[in-house]
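First up is the structure itself, then whatever we jot down about it.
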């Protein structure tokens, strides 16, 4: 009765079952996976958010496949602050980056076609690819004191795609590695895309959360014009408002590809109908409110990272992998047991919830992932318990 694309394993894994049991019993958990900023104790401009939704223009229905013009102009001003000129004509508003991915997959690929995606990275891509009847081909990110795209492996993956690879996806910075695309890597990506007739999809939802300025880092892909490029972002991370469900795609590239891409994407967007007027009208204000919330998040992330580094000593069996930005930290742990065993043991014995590396498709055991967003008292208590637990060998 059900489509093959929905044949996901529905039986909870051990970690999920343990979490469900704890919550059913009302037991307190030190959640080091929390990445929802609305649950992390930040001070939002509540009145500003609510006032933004009171715009009387929302009572009139004026559909536009790309989204309301003044909302797209606000997105253009956001990129202008980073010295990139983006015309509102190049911008499409969507209800989420997930919807944006569906637009792009429908635009670029037929059923059975392939998209190159980074590994390790966020597991959402597997579901989005499957729902759009696409095959995801991973290319590796390698760690040698810092994370880099394995460009040789990426090129080989494209050539091995039997002519059915349609796009390369990069996450800037990647989740969970926190690694940005460098200028050197972008040069190689544009050559690959040109040679193999591929589009470049750049997910930049965490872009505003870099730990330091780096001239070797690409500021944004939104200004890339050498190859057909789609740059995704939205309010979920930029303004820490995931509940507002508003994102966008910036389309750029050479004119001979950009013009038909915009025309075809407009048909797709029109078919799904434009985003809600209240949110589109609120977008300029909600986007400006990033100036209130981003400093709080950046301060929290740095404080938690500092605590982690102060307690992961050279003598500790736990190490931290370097990251350049984002909201996560990757911990290297002894591969004396599986990552899932470490995570389940921490939860069962210490009430500390972390993600095992396989959740992000790490190629080998020995990795746990923690969020840097939790309140300091939760983060510090959880990290202290985790370090003690691993030092004792579990």
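The values are calculated or read from the model by the stated rules, or taken from the named source; none is laboratory data. Model, not experiment: these values are computed from the prediction. Quick reminder, even Gly has a Cβ in these numbers, built from the backbone with ideal geometry, and neighbours come from all protein chains shown.
Comparison of 93, 53, 68, 32 shows that the only residue that is closer than 28 Å to residue 266 by Cβ and either in the same structural domain as residue 300 (by TED's automatic domain parsing) or within 23 Å of the chain's Cα centre (by Cα) (or both) is 93. Each residue in the range 343-358 was checked for being under 24 Å from the mean Cα position of the chain (by Cα), surrounded by 23 or more Cβ atoms within 10 Å (Cβ to Cβ) and either free of Cβ contacts under 8 Å to residues at least 60 places away in the same chain or part of a helix (DSSP H, G or I) (or both), and 2 of them qualify. The single condition among (1) outside the structural domain of residue 367 (by TED's automatic domain parsing); (2) within 30 Å of residue 45 (Cα to Cα); (3) modelled with pLDDT of 95 or more that residue 266 does not meet is (2). Out of all the residues in the range 210-219, is one or more closer than 18 Å to residue 79 by Cβ and in contact with a helix residue (DSSP H, G or I) (Cβ under 8 Å, 6 or more places away or on another chain)? Yes, the range 210-219 contains a residue that is closer than 18 Å to residue 79 by Cβ and in contact with a helix residue (DSSP H, G or I) (Cβ under 8 Å, 6 or more places away or on another chain).
Take residue 75 and tell me if it is in contact with a strand residue (DSSP E or B) (Cβ under 6 Å, 6 or more places away or on another chain), in the same structural domain as residue 266 (by TED's automatic domain parsing) and closer than 29 Å to residue 138 by Cα. Spelling it out, it is not the case that residue 75 is in contact with a strand residue (DSSP E or B) (Cβ under 6 Å, 6 or more places away or on another chain), in the same structural domain as residue 266 (by TED's automatic domain parsing) and closer than 29 Å to residue 138 by Cα.
In the range 97-135, how many are surrounded by 17 or more Cβ atoms within 10 Å (Cβ to Cβ) and either not assigned by TED's automatic domain parsing to the domain that holds residue 264 or not in a helix (DSSP H, G or I) (or both)? Here the count works out to 13. Comparison of 208, 214, 195 shows that the only residue that is assigned to a helix (DSSP H, G or I) and on the phi < 0 side of the Ramachandran plot is 195.
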